[in-house]
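Engineer: Take this structure first; my questions come after.
The values are calculated or read from the model by the stated rules, or taken from the named source; none is laboratory data. On a predicted model such as this, the values are computed, not experimentally measured, just so you know. Here Cβ is always computed from backbone atoms with ideal geometry, including for glycine, and neighbour counts include all displayed protein chains. Each accessible area value is taken on the protein alone, full model and side chains, heavy atoms only, with ligands, DNA and RNA left out. Shrake-Rupley method; radii C 1.70, N 1.55, O 1.52, S 1.80 Å.
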Amino acid sequence: FALQNTASDQASPAVSVAADIQDANSASVSSITQAAMAKLGTALYGVANGADPLEVLVPLFTTKSIQQSTLISGVANTFTVTLTANLELEATQTVTISGLTGSTTADDSTFTVTSVPDVMAADSGVWSKTTGDLVLTLDAAMAASTDHVVTFTLGNPTSTQSSPILVSVVAAIQDSGAIASAVMTSPTTAMYGVANGFKPLEVLVPVFTTKSIQQSTLISGVANTFTVTLTANLELTAISTVTMSGLSGSQTLDDMTFTVTSIPDVMVVDSGGWTQAGSLAGALVLTLDTPMNVSTDYVVTFSLVNPTTGQRSATVNVVAAIQDGGAIASAEMTSPTTAMYGVANGFKPLEVHDPCTQDFLYKQFMVHIWDIQYVHDDSCSWEFSAFASKSSDQWGCRYMANSKYLCAKQAYSKN
């Protein structure tokens, strides 16, 4: 006979049996005294005493967690799901995870999943992109009170998004039963310094929020120190590479052990890769040997030799190859637009002026016209000499006209 089970948990009630014995005319002639019935006490679906009459259990997942492997936009993202049911789920039953919206992965009726213990065929998933639903079909029983770890991979979106609010799991099980839909749990810890980074489809487009570069001098032919400041919106792990391109015109030759310094220190001093010419002309590749923390300014310095002739600063871009197959897309670096030595944009990288051929004035120096009584070859060479009245000072002197020289304290030596 069939009865409808209760909607909530209950222990098997006491069940007894009694009998009234009647003759052919339905007259009571005897009776069997009421007595408790014996119960087998055997398990059903992995639940103790589950075969006892009206022993009822509300099926549920006692563990239903999900987390992702990466929050970086545009890359493959591996999801790890842990499910533990309070009863055995028989083969052919289905488990549906819903709400994984935003992925770039197309619909797939033979979606690849793995499970440990192995209770699902590898290509047994059914994925629906629009709704973000993944239906899993068991091909072996899922044991009660046992963690089952399911993994699968989706493509992250190419834009930033927050994790969907309701990622849930539901199951259709034996005897026309169900595990009711419930919200899955996820770690709330940070990933790469980003809050909630392990939540499913919490996605961030990596960028350098600060990406500035400036030079120390615009004078042709001299060593020029560059100061770069980089700040990322996520942690960059060790062995990530940062490439600056567009530093064209320098006299510095190719060098795969190029000297760089960083504060905080995240690079080996001789870890730079500098390329002067060719298809990668003017490129400097920096490799991290320790992580670059999120939202932290990193100041990198290095030196190049300026060209011997004047040139305008070109656009300098920065790009990074980072963890999980991700990237910080190429973007133009910023530089001060203020003047250096009276020259507009003088702090821009490899903005170079030759003081012998261009309108150039050391405005921060004391400048005087001196009568110098010796023969000058008029070749625009700059010479240093000590004057009787300025015996402790070095002065650079450029021939002007009529035996006049433009002299600048601590100026420039072209010789």
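Engineer: Of everything in the range 178-188, what is surrounded by fewer than 17 Cβ atoms within 10 Å (Cβ to Cβ) and at pLDDT 95 or above? Give them in sequence order.
Structural biologist: Of everything in the range 178-188, those that are surrounded by fewer than 17 Cβ atoms within 10 Å (Cβ to Cβ) and at pLDDT 95 or above turn out to be Ala178, Ala180, Ser181, Ala182, Val183, Thr185, Pro187.
Engineer: I need the full set of residues from the range 269-282 which are assigned to a loop (DSSP other than H, G, I, E, B), open to solvent by less than 70 Å² (accessible area, probe 1.4 Å) and either under 19 Å from Asn317 (Cβ atoms) or not small (Gly, Ala, Ser) (or both), in order please.
Structural biologist: Listed by number, the residues that qualify are Gln276, Ala277, Gly278, Ala281, Gly282.
Engineer: Restricting attention to the range 112-124, does a residue exist that is open to solvent by 30 Å² or more (accessible area, probe 1.4 Å) and part of a strand (DSSP E or B)?
Structural biologist: Scanning the range 112-124, I find at least one residue that is open to solvent by 30 Å² or more (accessible area, probe 1.4 Å) and part of a strand (DSSP E or B), so the answer is yes.
Engineer: Next question, about the same structure. Which pairs turn up if I take residues in the range 132-159 that are outside any strand (DSSP E or B) and look for partners that are charged (D, E, K, R) with beta carbon separation below 6 Å, at least 6 apart in sequence or on another chain?
Structural biologist: That search, which allows pairs on different chains as well, returns Ala141/Glu88; Ala141/Glu90; Ala143/Glu88; Ala144/Glu88.
Engineer: Are any residues in the range 211-221 open to solvent by less than 50 Å² (accessible area, probe 1.4 Å) and of a type in the set (Ser, Thr, Tyr), and if so, which ones?
Structural biologist: Across the range 211-221, the qualifying residues are Ser212, Thr217, Ser220.
Engineer: Name the pairs whose Cβ atoms lie under 7 Å apart, with the first residue in the range 75-104 and under 22 Å from Leu201 (Cβ atoms), the second modelled with pLDDT of 95 or more and among the aromatic types (Phe, Trp, Tyr), and 6 or more positions between them or separate chains?
Structural biologist: Taking only residues 6 or more apart or on different chains, the pairs are Phe79/Phe152; Leu83/Phe61.
Engineer: Follow-up. Residues to consider are Thr92, Thr62; find the one that is more than 12 Å from Leu154 (Cα to Cα), outside any loop (DSSP other than H, G, I, E, B) and modelled with pLDDT of 95 or more.
Structural biologist: None of the others qualify; the one that does is Thr62.
Engineer: Quick one: Thr70 ticks every box in (1) part of a loop (DSSP other than H, G, I, E, B); (2) within 25 Å of Ser115 (Cα to Cα); (3) open to solvent by 20 Å² or more (accessible area, probe 1.4 Å); (4) of a type in the set (Ser, Thr, Tyr) except a single one, so which number is it?
Structural biologist: All conditions are met except number (3).
Engineer: Let me ask something else about it. Within the range 222-248, which residues are more than 22 Å from Thr334 (Cβ to Cβ), open to solvent by less than 40 Å² (accessible area, probe 1.4 Å) and either over 16 Å from the mean Cα position of the chain (by Cα) or among the polar types (S, T, N, Q) (or both)?
Structural biologist: Within the range 222-248, Val222, Thr237 qualify.
Engineer: Report, by residue number, each residue of the range 283-302 that is surrounded by fewer than 21 Cβ atoms within 10 Å (Cβ to Cβ), without any contact (Cβ under 8 Å) to a residue 60 or more places away in the chain and touching a strand residue (DSSP E or B) at 6+ places or on another chain (Cβ under 6 Å).
Structural biologist: Ala283, Val285, Thr287 - these are the residues of the range 283-302 that are surrounded by fewer than 21 Cβ atoms within 10 Å (Cβ to Cβ), without any contact (Cβ under 8 Å) to a residue 60 or more places away in the chain and touching a strand residue (DSSP E or B) at 6+ places or on another chain (Cβ under 6 Å).
Engineer: Given the conditions (1) outside any loop (DSSP other than H, G, I, E, B); (2) at pLDDT 85 or above; (3) open to solvent by 50 Å² or more (accessible area, probe 1.4 Å), report the number of the one that Ala320 does not fulfil.
Structural biologist: (3)
Engineer: Can you pull out every residue in the range 249-268 that is open to solvent by 30 Å² or more (accessible area, probe 1.4 Å), part of a loop (DSSP other than H, G, I, E, B) and touching a strand residue (DSSP E or B) at 6+ places or on another chain (Cβ under 6 Å)?
Structural biologist: Gly249, Gln251, Asp254, listed by residue number.
Engineer: Within the range 8-19, can one find any residue that is under 20 Å from Met142 (Cα atoms) and not charged (D, E, K, R)?
Structural biologist: no
Engineer: What do you reckon, is Val150 surrounded by 15 or more Cβ atoms within 10 Å (Cβ to Cβ) and at pLDDT below 95?
Structural biologist: no
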